[in-house]
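A short worksheet on the structure shown next.
We did not get these values from a lab; they are worked out from the coordinates using the rules stated. Note that the coordinates shown come from a computational prediction; the quantities given were computed from them, not determined experimentally. As a convention, Cβ positions derive from the backbone with ideal geometry for all residues, glycine included, and neighbour counts pool all protein chains shown.
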Amino acid sequence: MRWSVSLRAEGDRVLVLEEVVAFADAIAPMEGIASGIGAMTYGAQLVIEAETSDQAVNLAIPAFEEAAAAAGLPVWPLTGAEVVGEHDEFEDLE
């Protein structure tokens, strides 16, 4: 199953455009969307293939941390995680 996992890290300085663009590039292979320009947080929404929501989060966290490191972002603690299962809504209507 495909899961949409949103993660957020919070720190002590404002991020600039170039940092978040580099982060967006690093998470692009995971159908990722990055956020954080002008904020003291950075975040991403990643699409993860996993059997359960817990497994999806457990796979997303190291991927998020590796992408942040590749983008040169500061190592900040995770302050939020949300997971939503993706499914075909039309399938439920049949």
Q) Across 10 Å bins from 0, what is the distribution of all Cα-Cα pair distances for the chain, in whole percents? A) 18, 48, 24, 8, 2, 0
Q) Each residue of region 50-64 in turn: what ³J(HN,Hα) in whole Hz from Karplus with 6.51, -1.76, 1.60 and θ = phi - 60°, glycine and Pro shown as x? A) 7, 6, 10, 5, 4, 5, 4, 5, 5, 7, 6, 4, x, 5, 4
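What is the gain in length, in nm to one decimal, between residue 49 and residue 69 on full extension, counting 0.36 nm per residue of separation less the C-alpha to C-alpha distance? Could the numbers behind the result be given before it?
Numbers: separation 20, 0.36 × 20 = 7.20 nm, distance 2.21 nm.
Difference between extended and current length: 5.0 nm.
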Q.
Can you find, among 72, 17, 45, the residue sitting farthest towards the positive end of the charge dipole of region 2-76, where Lys and Arg contribute +1 and Asp and Glu -1 at Cβ?
A. 17
Q. Once you sort the root eigenvalues of the Cα gyration tensor of region 1-40 as a ≥ b ≥ c, which label holds: rounded (a/c under 1.5), prolate (a/b larger than b/c) or oblate (the other case)?
A. oblate
Q.
Using a Gaussian network model on the chain with a 10 Å cutoff between Cα atoms, which of 43, 80, 32 fluctuates the most?
A. 80
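Express as a percent, rounded to the nearest 5, the fraction of DSSP beta bridges in the chain (both residues included) that run antiparallel.
95 percent
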Q.
Could you work out [θ]222 nm for the chain from helices alone, using -39500 (n - 2.57) per DSSP H run of at least four and dividing by all its residues? Round to the nearest 500 deg cm²/dmol.
A. -11000 deg cm²/dmol
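Given +1 on the Cβ of Lys and Arg, -1 on the Cβ of Asp and Glu, and no further charges, what dipole in debye does the chain carry about its Cα centre, rounded to the nearest 20? Before the final figure, lay out the partial values.
Working: 3 positive and 18 negative charges, 125 e Å.
Dipole size: approximately 600 debye.
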Q) So which residue, out of 31, 19, 65, gets the largest mean-square fluctuation from a GNM of the chain using Cα contacts under 10 Å as springs? A) 31
Q. Among 25, 54, what is the fewest-to-most ranking by other Cβ atoms within 10 Å?
A. 54, 25
